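The values are calculated or read from the model by the stated rules, or taken from the named source; none is laboratory data. Since the model is a prediction, treat every value here as computed from it, not as a measurement. Virtual Cβ from ideal backbone geometry, glycine too; neighbours counted across all protein chains shown.
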Amino acid sequence: MPHRFAVPLSRRALLRAGGAAVAATALGGTGLAAPDAGALKTGLAGPAPVAAAGELVEVELIAKQRMQRILPEPADPSPLITYADRFPGPIIRMRKGQRLRATLVNGLDEHTSIHWHGIRLPNLEDGVPYLTQPPTKPGERHVYEFTPPDAGSFFFHPHCNTVELLGRGLAGILIVEEPDAPKFDADVVCLVKDWQLDKTGKFGAFITDRGAARAGTFGSLSTVNGAIDPVIEVPANGDIRARLYNIDSTRVVDLRVEGAEAWIIAVDGNPLPPRPLDGWPMGPAMRIDVLFRAPAKAGQTLRLTNVYSAEPKPLATFRAVGPGLPNKRFKPRALPASAIPEPDLKDAPIIPMAFSATAVAQSFDAAALPGLPYADALCLSAKTFWAINQQSWPEGGHERLPPPLVTLEKGRSYIFELANLTPHLHPIHIHGYTFKVLSSDSRKVVPHHADTVLLEPKERLRVAIKADNPGDWMFHCHIIEHQDTGMMGYIRVA
Ligand code: C2O
Ligand code: CU
């Protein structure tokens, strides 16, 4: 039976739902929890809390194992690891200008942290164990506090043992709403994620040598919002903002809304002039905001499909409900521009970043490395297959902090030339910054901003930043097995 996600029919309903969702989040980290399984209500669509700009949004995120059914019976519920009572959750919605205070409670039997993916925040809040904070041990709490400078569709996840934790569902959504966005009739979140489950509902291996050294280990089951081919209700004839997330660890998707004219209005949360949704491959961690018109009559449907495969794969169904809103002709509308500092390209040095396989696969035992202050067996895989500028994480003798890939001068602008020397795709992610995507030697690039860019095999892609945010910032592939087996480093801005 497909799960259903009800979406309120009017903006007023949305606001009420939003307030309730956030209040619940603040109480127990359960902003999304619905009393009966599969009947998630408005949490998926509820927007800003009813609080003025400048106020504090407080959430508690208890990371722990929770049983949840992903496969239908007779399979068993699966031992997910989540920040809220149910996957997907929580979805934190706040308004630009508000401050977030999020308390991580570590209910796992391993250390962890929260990385706020895509947010240009102070380095101390970035959530990378050993690099920006001590790991949060089992039973401990850690408080993150920051004011997101940009509106957009973001998410958060751990940064060690990510292959298992994210594989079992440990991710949450952070939506920062524009105070001045155009009006939409509904705002839905679609999280695309595969699960590595056997027929009985047990998890299988999240990492394999074979996968890690190639395109990654793929899950066995595709879902949206943790449900197999769910039905997502949308107001008939409404203008729908759908925040499409690829939160899988491995798979690249290229999404379509079959049956509707759909427009991309933001990439990784960053607005761009609306463009038709007709070919925007997304690697792990990449997001797009899409605008489409729901069918005019209740009961009519549209399909969300992934066309990045031999045959288009249906992922979810949008079904129109309600009396049909009185909207006129459909027009895409742009979101208000973000205020990402503009790099000064004339003055920008070009920094080469080469993504390659290691010459020889290396093995080591991270747990047996005395005095390594920087990593442990949870943060590093026992093998390295990949490198950035021929440097694998960790490097050489492992007994000291690896040097940064590059040190940048604070305030200066830089162009990274990302060179993919491999026959595989790599979604390359920077912490604390948003790339301005400039040009490619192998395809026409749509000017846009992104925190994660998908490098095609053998491609050279140029991206730029203004290095205004000091600190040590991770720079890595977001295919988690590649990250864990060496395609990871950091840049220093000082
Ligand atoms: Cu989602 Cu280091 O990243
Ligand atoms: Cu990669």
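Considering only residues that are within 13 Å of ligand 2 (Cβ to nearest atom), part of a loop (DSSP other than H, G, I, E, B) and either among the β-branched types (V, I, T) or buried (at least 23 other Cβ atoms within 10 Å of the Cβ) (or both), which ones fall in segment 448-479? Scanning segment 448-479 gives H478, I479. Kindly establish whether H431 is more than 14 Å from ligand 1 (Cβ to nearest atom), more than 13 Å from P284 (Cα to Cα), touching a residue at least 12 places away in the same chain (Cβ under 8 Å) and within 22 Å of the chain's Cα centre (by Cα). For H431, the condition - more than 14 Å from ligand 1 (Cβ to nearest atom), more than 13 Å from P284 (Cα to Cα), touching a residue at least 12 places away in the same chain (Cβ under 8 Å) and within 22 Å of the chain's Cα centre (by Cα) - is not met.
Residue check: is V406 within 21 Å of the chain's Cα centre (by Cα), away from ligand 1 (no atom under 13 Å from the Cβ), buried (at least 17 other Cβ atoms within 10 Å of the Cβ) and over 22 Å from A215 (Cα atoms)? Here the answer is no, as V406 does not meet what is asked.
Does H482 meet the test of being within 16 Å of ligand 1 (Cβ to nearest atom), surrounded by 20 or more Cβ atoms within 10 Å (Cβ to Cβ) and assigned to a helix (DSSP H, G or I)?
yes
Contact annotation: no residue pair with Cβ atoms under 7 Å, 6 or more positions apart or on different chains, pairs a residue in segment 155-182 that is free of Cβ contacts under 8 Å to residues at least 12 places away in the same chain and within 23 Å of G201 (Cα to Cα) with a partner that is polar (S, T, N, Q) and crowded, with 22+ Cβ neighbours inside 10 Å. Among the residues of segment 428-447, those identified as surrounded by fewer than 24 Cβ atoms within 10 Å (Cβ to Cβ) and in a strand (DSSP E or B) are I430, K436, V437, L438, S439, S440.
Which ones in segment 464-494 are of a type in the set (S, T, Y) and over 25 Å from D194 (Cβ atoms)? Residue satisfying the conditions is Y490 alone. Scanning segment 273-310 for residues that are without any contact (Cβ under 8 Å) to a residue 40 or more places away in the chain and crowded, with 24+ Cβ neighbours inside 10 Å yields nothing. For segment 461-479, the tally of residues that are within 16 Å of ligand 1 (Cβ to nearest atom) and either over 20 Å from H449 (Cβ atoms) or not aliphatic (A, V, I, L, M) (or both) stands at 9.
Residues checked against (1) more than 22 Å from T250 (Cα to Cα); (2) modelled with pLDDT of 95 or more:
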| position | (1), (2) |
| --- | --- |
| Y374 | yes, no |
| G397 | yes, no |
| P403 | yes, no |
| H424 | no, yes |
| H429 | no, yes |
| R462 | yes, yes |
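Checking each residue in segment 100-146 for being over 13 Å from L378 (Cβ atoms), assigned to a strand (DSSP E or B) and within 19 Å of the chain's Cα centre (by Cα) picks out L100, A102, L104, H115, W116, H117, Y144, F146.
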